[in-house]
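The values are calculated or read from the model by the stated rules, or taken from the named source; none is laboratory data. Being a predicted model, the structure only gives us computed values, none of them experimental. Quick reminder, even Gly has a Cβ in these numbers, built from the backbone with ideal geometry, and neighbours come from all protein chains shown.
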Amino acid sequence: MKKTVVITGANRGIGLSLVQLYQAAGWQVIAVCRASSTELEASGAQIIERIDVADPTSIQQLSQQLAQDLSHTGIDLLINNAGILRDEVLGEIDYASIQLQLDINALAPLRITEALQSKLTPGAKVVMITSRMGSLADNTSGGRYGYRMSKAALNMAAVSLAHDLQNQQIAVGVIHPGLVGTRMIGGHGDLTPDQAAQQISQRIDELTLENSGSFWHSNGEALPW
């Protein structure tokens, strides 16, 4: 029987590359997004559109649809990839922008994981695509208040989930993809989305209950909190 992976933010960037990678590996891939793309349509994955991860009602709709679609099976891997990046300048901070980043980057992955918890199989894995910009120790330049705060909050949620899901034999990965040349950062980076997806999948393969809740760069480097 095929293993099932659910990937959010799947229409472009790292999410799309993860869809294509797991599809090629023979998984049942469920791609979740607000709006599909030509590339996603061509992947052959099952697509669930019109899901706004910032909207709790939308997440409930996702949960209900997956309960129906996966009535005879479960989720072996959940990758919470959807996220946004904004910038704020001290003295002119847009607090609505910070709130939106907190909603999408931190609260949504927790809401999705909780909503889909009953569909996670024993031994399943939950992965948070985070950022080293959420590291307190690694912050040497300041700025990016909303993004840094939201990713730090996501990291904390992931560690709590690692403890709370351990009895279900579910491991939680906290993975920084690297500086990836996606549209979110203007296309400039050290890795392509395909390269990042490959490295992320390697870290997922290495994820166990023993290293659940630890913070990793996709290249295998352990990162400081």
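Numbers for the structure displayed
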{"item": "Single condition Ile47 does not satisfy, out of (1) of a type outside the set (Phe, Trp, Tyr); (2) in contact with a Ser or Thr (Cβ under 7 Å, 6 or more places away or on another chain); (3) over 17 Å from Leu70 (Cα atoms); (4) outside any helix (DSSP H, G or I)", "result": "(3)"}
{"item": "Counted residues, region 193-225 - those being touching a helix residue (DSSP H, G or I) at 6+ places or on another chain (Cβ under 8 Å), of a type in the set (S, T, N, Q) and assigned to a loop (DSSP other than H, G, I, E, B)", "result": "3"}
{"item": "Conditions (1) surrounded by 18 or more Cβ atoms within 10 Å (Cβ to Cβ); (2) more than 16 Å from the chain's Cα centre (by Cα); (3) at pLDDT 95 or above: number failed by Ala158", "result": "(2)"}
{"item": "Lys125 charged (D, E, K, R), in a strand (DSSP E or B), at pLDDT 95 or above and surrounded by 20 or more Cβ atoms within 10 Å (Cβ to Cβ)", "result": "yes"}
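Listed here are the residues, each with its yes/no results for (1) closer than 23 Å to Leu40 by Cα; (2) touching a residue at least 60 places away in the same chain (Cβ under 8 Å); (3) in contact with a Leu (Cβ under 7 Å, 6 or more places away or on another chain); (4) not small (Gly, Ala, Ser).
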position	(1), (2), (3), (4)
Gln117	no, no, no, yes
Tyr147	no, yes, yes, yes
Gly173	no, no, yes, no
Asp190	no, no, yes, yes
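Each row is one residue, and each column tells you yes or no for (1) at pLDDT below 95; (2) surrounded by 13 or more Cβ atoms within 10 Å (Cβ to Cβ); (3) part of a loop (DSSP other than H, G, I, E, B).
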| position | (1), (2), (3) |
| --- | --- |
| Leu21 | no, yes, no |
| Val29 | no, yes, no |
| Glu41 | no, no, no |
| Asp87 | yes, no, yes |
